[in-house]
């Protein structure tokens, strides 16, 4: 996702001083990073695999890397 200015209450909200990204933001970003995000829209099986990769020190960092590993994942709104 191109670096664009994030919009509060659209891309994220702040809860107890922490940024919480919305499902819309995650869908536009195009991949699951494995950080156990509260609003991650990706299937639980993929989330589990990306969490494991992150724990192993091999986190997914781009949409291209995500698609190379999992293919094009359809995420419902």
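No value in this document is a laboratory result; all are computed from the given coordinates. These numbers were taken from a predicted model, which means no experiment stands behind them. Heads up, the Cβs are rebuilt from the backbone with ideal geometry, glycines too, and the neighbour counts pull from every protein chain shown.
Where residues in segment 1-33 are assigned to a loop (DSSP other than H, G, I, E, B) and in contact with a strand residue (DSSP E or B) (Cβ under 7 Å, 6 or more places away or on another chain), which of them is surrounded by the fewest Cβ atoms within 10 Å (Cβ to Cβ)?
Only one residue fits best here, namely 6.
Of all residues in segment 40-77, those that are surrounded by 14 or more Cβ atoms within 10 Å (Cβ to Cβ) and assigned to a loop (DSSP other than H, G, I, E, B) total 8.
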